[in-house]
Amino acid sequence: MTRVETVARALYDLHCYAPDNGWDTTHGKSRRGLYMADARCALKADDDTFAACRVCGAPTRIVADLGSIPLANSFTRDAPRFPVRVEVCDDCVLAQLEETVDPSIMFCEYPYRSSLSSTFVAAAKTLVEAQDVTENDFVVEIGSNDGYLLRHYQCRILGVDPSDVPADVPTRREFFTEHLAEQIRASHGPARVMHANNVIAHCPDPHTIMAGIKTLLDPDGVAYVESPHVDGLAWDTLYHEHVFYWSATAMCRLADKHGLAVVDAERLDVHGGSVRYHLRHRGVPTEAVLDLIGRESSVRWTLDRDMTLDCERLRRIVDRARRAGKRVCGYGAAAKGAVLLAVSGVDVDFVCDTTPGKQGQVMPGTDIPIVDESHLGYADVAVLFAWNFHDEIVNRVEFDGEWVMPHG
Ligand code: TYD
Ligand code: ZN
């Protein structure tokens, strides 16, 4: 073993893994995540090949390298660039970024509006309507964005979101932490229902989120945690904001470390395949959870290969269209579009997007303008960057040209 490996192994043995029951709960909570982050930084300086899972501490291996790409929601020509390398823990089937960017750089000025997607709003409404809450109950959403979900509740509600997105529900403008959870519980009481949609994938320290849920959740309460599932992960969804790509295995381990149980899991058809985990203080997992875990050992890591093939295909399609004198645009100034442009080097004339805050800006790190949807008619070929909304967009938008999907 090299010196770095020896140090890493010692940290791993000491702080992260208890051979008796598999999971060490004595060091616990957010300290572990931060500690491992520190250990990783120290190790990175010497040796680039050894890192540790931020949930269980086991060694990880690199499965995708996108190079240095612009922050995918920074709509300026000079968007800062950072490397995106993804490593996987074979124990948890958890994928994570090798290095993370300070979340306050990425999330405080955030152009994303959940309400602009009718798919999201409809899914949120259905979920809210299924909850058994009365007027006096308290519901909290972590990452509440513009209030697209909480506004459907007829009870006491509180959103937590650090961004500057205008919201029509009461919102604490902060990152959710265990400390904030204690404050909210002291002022409002425990939460009967908690939601965290696409949050736990974005946070470098998932331990503080889980510890916060444990603190704030009513003894009979339920927390819904949604996150894209690691199986079938698309390479253009790998970017700085997505620190983790969760498996049910890793989610169960994280919950267990913080005294919570994943009691159910639903597969959702959003973001290329997500899972909604149901967490309670105690309970046994349903077949759905066990089934997911059972399949996860056979997840195949083909991200680098998929990336190469998709980029080659896209370059061929765009080159051919250009040689035929056609105009090529992108549809959806999605973060995944920024990743696709940066990695493939493909050039488009403009990108259409319905988000007012994105229109008039440029795609991250480029001169490609973002314009409203009425410009689509000027293009002969449109690359559907926002492929996750394929049905919603292709059925609604009138376009006589050719739609091109980024993944062949
Ligand atoms: P999003 O789903 O947020 O993807 P990412 O997480 O990769 O950023 O992005 C979808 C983008 O597509 C968003 O900018 C809104 C835009 N959009 C449209 O322009 N028209 C539409 O009909 C829909 C559904 C989305
Ligand atoms: Zn792990």
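Using R₀ = 35 Å, calculate the FRET efficiency as 1/(1 + (r/R₀)^6) where r is the Cβ-Cβ separation of residue 77 and residue 266; round to 0.05. Efficiency for this residue pair is about 0.25.
Relative contact order for region 277-348: what percent, with Cα pairs under 8 Å and sequence separation of 6 or more? The partial results should precede the final answer.
On the way: 20 pairs, mean separation 20.6, N = 72.
RCO, region 277-348: 29 percent.
Rounded to the nearest 5, the antiparallel percentage of DSSP beta bridges internal to the chain is 50%. Springs between Cα atoms under 10 Å define the GNM used for the chain, and in it the highest mean-square fluctuation of 388, 145, 197 occurs at 388. If R0 is taken as 22 Å, the Cβ-Cβ distance between residue 323 and residue 367 corresponds to a FRET efficiency of 0.50.
Pop out the carbon and sulfur fraction of the accessible area of the chain as a percent, whole number, probe 1.4 Å.
Working: 8670 of 17310 Å².
Roughly 50 percent, rounded to a whole number.
Within the shell defined by Cβ-Cβ distances under 11 Å, the residues around residue 356 carry a net charge of 0, with Lys and Arg each +1 and Asp and Glu each -1. Using the Cβ-Cβ distance between residue 315 and residue 102 with R0 set to 30 Å, the FRET efficiency works out to roughly 0.35.
For residue 378 and residue 302, the difference between the fully extended length at 0.36 nm per residue and the C-alpha to C-alpha distance is 23.7 nm. Label separation (residue 282 vs residue 174): 3.1 nm, computed from points 7 Å beyond Cα along the C-beta direction. State, to one decimal in nm, how far the label point of residue 405 lies from the label point of residue 182, with both points 7 Å from Cα in the Cβ direction. Label at residue 405, label at residue 182, 5.0 nm between them.
Distance between the C-alpha centres of region 281-353 and region 101-170: 26 Å, rounded to the whole angstrom.
Remark: region 108-260 carries 34 Å² of accessible area per residue (probe radius 1.4 Å; ligands, DNA and RNA excluded).
Among 395-407, 321-333, 149-161, 114-126, how do they line up by average Cβ neighbours within 10 Å per residue, starting with the highest? Don't skip to the answer; put the middle values down first.
Working: 395-407: 14.1, 321-333: 18.4, 149-161: 20.2, 114-126: 15.8.
Per-residue mean Cβ counts within 10 Å order the peptides as 149-161, 321-333, 114-126, 395-407.
The sum of -39500 (n - 2.57) across all DSSP H runs of n ≥ 4, divided by the residue count of the chain, sets its helix-only mean residue ellipticity at 222 nm to -9000 deg cm²/dmol. In terms of distances greater than 28 angstrom between alpha carbons, the cross-link table entries 257/336; 214/358; 326/358; 125/336 yield 257/336; 214/358.
Which net charge results for the neighbourhood of residue 377, defined as the other residues with beta-carbon distances under 12 angstrom from its beta-carbon, given Lys and Arg at +1 and Asp and Glu at -1? Before the final figure, lay out each step's value.
Numbers: positive: 327; negative: 372, 373, 380, 398, 400.
Computed value for this residue: -4.
For residue 397 and residue 129, compute 0.36 nm times the residue count separating them, minus their Cα-Cα distance, and round to one decimal in nm.
On the way: separation 268, 0.36 × 268 = 96.48 nm, distance 2.93 nm.
Gain in length upon complete extension: 93.5 nm.
When only Cα pairs below 8 angstrom with a gap of at least 6 residues are kept, region 143-234 shows a relative contact order of 25 percent. Across the chain, Cα pairs under 8 Å and at least six residues apart give a relative contact order of 15 percent.
Sorting the segments 188-195, 133-140 by their mean number of nearby beta carbons within 10 angstrom, highest to lowest, gives 188-195, 133-140.
The values are calculated or read from the model by the stated rules, or taken from the named source; none is laboratory data. Since we're looking at a predicted model, the values are computed, not measured. No Cβ is skipped: glycine too gets one built from the backbone with ideal geometry, and neighbour counts run over all protein chains shown. The protein model used for the area step is the full one, side chains on, heavy atoms only, and it has no ligands, DNA or RNA in it. Shrake-Rupley method; radii C 1.70, N 1.55, O 1.52, S 1.80 Å.
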